[in-house]
Ligand code: SF4
Ligand code: SF4
């Protein structure tokens, strides 16, 4: 049985947003009519948070006519990737015009991807200055930041206390590795936590022949439920393009209360099996069932660091090294007791992979 769409407080903005929001990143691929129909349907269902960006092609332009009709029913968020205040203020005017409104509920510094970009955003004449000025002028009610991958920069942005919200990519494949500690940290600091890429850009979907017991794709529904039941998360914004997608995601999230530990485990087992089939190899899901380690090794973080070190583009691999260096216990503390292996739904040979981490990182952890 479904429950009404839950609203949560978006951190210190105090806006009450629905846990299911509308991501408009895919709007450039569809007609204006199709975009309007999907948006109208979502708003009819009670969805009250819409997110877009200057960088999403004509997405803002397609949202504009709907927003004009229904401005008081939704909160609108957009972003600018400009690093300097003047560029960001100029883009704000374009966004307001495209969206056919005279204020934004949330304006975000987009894709602040590493420490250098964050430094630039925080420096005099940088993006933060524009965000503050836009708020003073009443063109923006609140402001936030959107970030990917770079743990140190994400942590710095959270700990700075300068932003009201943060948008992070998080999903059960956990490719960007923000899961276990950065989300609770942001929630603790009273930031609204907005989750993008919940379905890993469409990769998290069951194989076509899979049964759909309640008419929903079990991987899609389970993944959304897993995120929606995380208390540190305020809203999840899957990118949607049709009335049907809105309906399916709405049904998944309004039945998330039935998503218990058994369902969570089942989800991770299914995704683990998919990963093997897709030859992703022995990839950690970040689920944490292996913990606690008898030697206090933070197993999922070691694997996250190893993944970054091995798989990220060459100029980003240092992020894996940094993450490993920040851990309290090195991989070579593994006593090969095997306790974690019994609990890992992905069937990872954890002690073997700890040796791989030692080979990759040496003894750099403190
Ligand atoms: S096998 Fe190694 S990593 Fe696993 S619980 Fe034992 S000591 Fe920890
Ligand atoms: S139980 Fe397995 S998949 Fe889950 S976090 Fe631990 S090592 Fe990764």
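What follows is calculated from the coordinates using simple rules that are stated; it is not laboratory data. Everything quoted here is computed from the prediction, not taken from an experiment. As a convention, Cβ positions derive from the backbone with ideal geometry for all residues, glycine included, and neighbour counts pool all protein chains shown.
Numbers below:
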{"item": "Helix 243-254 axis, angle to the chain major axis (alpha carbon atoms, nearest 10°)", "result": "60"}
{"item": "Fully extended contour minus Cα-Cα distance, from residue 210 to residue 266, at 0.36 nm per residue", "result": "18.8 nm"}
{"item": "Pairwise Cα inverse-distance average, inverted: Kirkwood Rh of segment 282-361 (Å)", "result": "12.5"}
{"item": "Crossing angle, helix 59-70 versus the chain [Cα axis fit, 0-90 degrees, rounded to tens]", "result": "60"}
{"item": "The chain, helix-only ellipticity at 222 nm - DSSP H runs n ≥ 4, -39,500 (n - 2.57), divided by all residues, nearest 500", "result": "-13000 deg cm²/dmol"}
{"item": "Kirkwood estimate for the chain, i.e. one over the average of 1/r between Cα atoms, Å", "result": "21.3"}
{"item": "Sites residue 37 and residue 71, calculated FRET efficiency, Cβ-Cβ separation with R0 25 Å, nearest 0.05", "result": "0.85"}
{"item": "Pairwise FRET efficiency - residue 119 versus residue 333, Cβ, R0 = 51 Å, nearest 0.05", "result": "0.90"}
{"item": "0 to 90° range, to nearest 10: angle between helix 261-277 axis and the chain longest Cα axis", "result": "80"}
{"item": "Difference of contour (0.36 nm per residue) and Cα-Cα distance, residue 291 to residue 310", "result": "4.5 nm"}
{"item": "Mean Cα-pair separation over length for the chain, i.e. relative contact order, pairs under 8 Å, 6 or more apart, %", "result": "15"}
{"item": "Separation between Cα centres of segment 93-163 and segment 44-89, rounded to whole Å", "result": "14"}
